[in-house]
Every structure is written in C-alpha cells, then in structure tokens.
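What follows is one structure encoded as structure tokens, with my remarks underneath.
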Amino acid sequence: MNENTYPGPVVVRSTQELGNTISYARKAHGYSQQQFADLAGVGRRFVSELENGKASAEFGKVLQVLTALGIDLQLRHR
C-alpha cells in the first residue's frame with residue numbers, strides 16, 4: 001500500500017473506529033474480505049465482525065490482522 005493512500009496515524013478509541021481503519025486499509029490493498037482473511041490466517045467472519053466493530057474480538061487475532069496490513073499498534077499516554 002502506498003503511504004499516500006493511507007491516512008495515518010489514526011487515533012482509535014472505539015472498536016468501530018478500529019474496524020473502519022482496518023476496512024479502509026484492506027480495501028486500499030485491493031483485498032476482498034476472504035482474500036485478506038486467508039492472507040492474515042483468520043476467518044472471513046472474523047474480518048467481517050472486526051470491520052463492523054464487534055467488541056468481543058480476540059486481541060491476538062486483531063494483532064494478526066494489523067500485522068498482515070502492515071499497521072503498527074502504538075500505545076501512548078494522553
């Protein structure tokens with residue numbers, strides 16, 4: 001993904017904001033949910049639920065998805 005196509009850094013304070021960010025990045029890469037799920041090693045349903053802001057997503061799988069998209073997770077005190 002070209003850095004000019006991704007609006008980073010993004011502040012994420014809700015599961016919906018995280019899902020929107022992941023959906024945007026996946027689409028910018030040109031992947032369908034199934035193609036991306038296969039690449040990330042998760043199920044398509046998981047990708048769908050994550051993109052829709054489901055709050056009970058497994059954090060380990062969330063990190064797999066972010067890694068597959070080339071997105072680093074940074075925590076910072078505000």
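Rule-based calculations on the coordinates, nothing more; no lab input. Just so you know, these numbers come straight off a predicted model, no measurement behind them. Here Cβ is always computed from backbone atoms with ideal geometry, including for glycine, and neighbour counts include all displayed protein chains.
Brief remarks on what is shown
- Packing-based exposure ordering (other Cβ within 10 Å, fewest first) of Phe36, Phe59: Phe59, Phe36
- Each of Arg45, Arg26, Arg13 was scored by other Cβ atoms within 10 Å of its Cβ. Arranged with the fewest first, they read Arg13, Arg45, Arg26.
- The Cα atoms of the range 10-69 define a convex hull whose projected area, averaged across directions, is 3.5 nm².
- Going by neighbour counts of Cβ atoms within 10 Å, the residues Asp72, Asp38 line up, fewest first, as Asp72, Asp38.
- Projecting the Cα atoms of Ala57, Ser23, Ala40 onto the charge dipole of the chain (Cβ charges, centred on the Cα centre) puts Ala57 farthest toward the positive pole.
- Sites matching GluC sites (Glu not before Pro) across the range 16-78 that sit in DSSP coil, with at most 15 neighbouring C-beta atoms within 10 Å: Glu58
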